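Undergrad: A single structure is presented below for examination.
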Amino acid sequence: MDARITAILRECSRASDEERTTFPEVVAALAAAGVERYHTDLVRAETTYYFPDGMTERVKTQSSLQPPAMDFLAEGVESAVRAIQAGTIRYGGFRERVRRAGCAGWAVSIVGRRVVYYGRSGDSHTEWFPGAR
């Protein structure tokens, strides 16, 4: 992996954890770096970035002291998404709210312009990027 690209991936993860960036800014930076999708695992506290040529890069993220709730509540995830979009919460609050709603992680498709949030039992909720549908 190119050191410049690795630095971008790490900075995107760190800036998110430190609440210095927004989701649209992260997506723009990752797309410019050639990332087609990424997966954030809240249990393992890591994000894996995927490139069109099959290359991947894994970056550690901020961990939570509690595991995701057992029951997945799509409406709780959706509520957290709306709150962060409105600017009433930041990334740390978002991560905590979706975890309490039973979200174990999410897969972001930059190419497909959507995020699939999933729970421990495989339940999921899809959020489209604004304007994608």
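The values are calculated or read from the model by the stated rules, or taken from the named source; none is laboratory data. The shown structure was predicted, so the numbers you read here are calculated from the model rather than taken from an experiment. Here Cβ is always computed from backbone atoms with ideal geometry, including for glycine, and neighbour counts include all displayed protein chains. These area figures cover heavy atoms from the full protein model, side chains too; ligands, DNA and RNA do not enter into them. Shrake-Rupley method; radii C 1.70, N 1.55, O 1.52, S 1.80 Å.
Undergrad: Out of curiosity, is R37 open to solvent by 80 Å² or more (accessible area, probe 1.4 Å), basic (K, R) and either at pLDDT 95 or above or within 15 Å of the chain's Cα centre (by Cα) (or both)?
TA: On the way: open to solvent by 80 Å² or more (accessible area, probe 1.4 Å): yes; basic (K, R): yes; either at pLDDT 95 or above or within 15 Å of the chain's Cα centre (by Cα) (or both): yes.
When the stated conditions are applied, R37 passes them.
Undergrad: Take the conditions in contact with a Gly (Cβ under 9 Å, 6 or more places away or on another chain) and either open to solvent by 60 Å² or more (accessible area, probe 1.4 Å) or among the charged types (D, E, K, R) (or both) and apply them to R82. Does it pass?
TA: So R82 fails the test.
Undergrad: For the range 40-58, indicate whether the set of residues that are surrounded by 15 or more Cβ atoms within 10 Å (Cβ to Cβ) and under 18 Å from W128 (Cβ atoms) is non-empty.
TA: Yes, because at least one residue in the range 40-58 is surrounded by 15 or more Cβ atoms within 10 Å (Cβ to Cβ) and under 18 Å from W128 (Cβ atoms).
Undergrad: Mind checking which residues of the range 90-109 are crowded, with 19+ Cβ neighbours inside 10 Å and outside any helix (DSSP H, G or I)?
TA: Within the range 90-109, the first condition is being crowded, with 19+ Cβ neighbours inside 10 Å, and the residues that meet it are 91, 94-95, 98-99, 101-108.
Listed by number, the residues that qualify are A101, G102, C103, A104, G105, W106, A107, V108.
Undergrad: Give the range 1-29 a look and list any residue that's under 22 Å from I89 (Cβ atoms), open to solvent by less than 50 Å² (accessible area, probe 1.4 Å) and not small (G, A, S), or say none.
TA: Scanning the range 1-29 gives C12, D17, T21, V26, V27.
Undergrad: Another question about this same structure. Among the residues of the range 77-133, count how many are more than 25 Å from V35 (Cβ to Cβ) and in contact with a strand residue (DSSP E or B) (Cβ under 6 Å, 6 or more places away or on another chain).
TA: 2
Undergrad: Could you list all residues from the range 34-74 that are farther than 22 Å from A3 by Cα and free of Cβ contacts under 8 Å to residues at least 12 places away in the same chain?
TA: Scanning the range 34-74 gives R44, L65.
Undergrad: Assuming Q62 fulfils every condition listed in (1) part of a loop (DSSP other than H, G, I, E, B); (2) in contact with a helix residue (DSSP H, G or I) (Cβ under 6 Å, 6 or more places away or on another chain); (3) modelled with pLDDT of 95 or more; (4) open to solvent by 40 Å² or more (accessible area, probe 1.4 Å) apart from one, which condition is it?
TA: It fails just one condition, (3).
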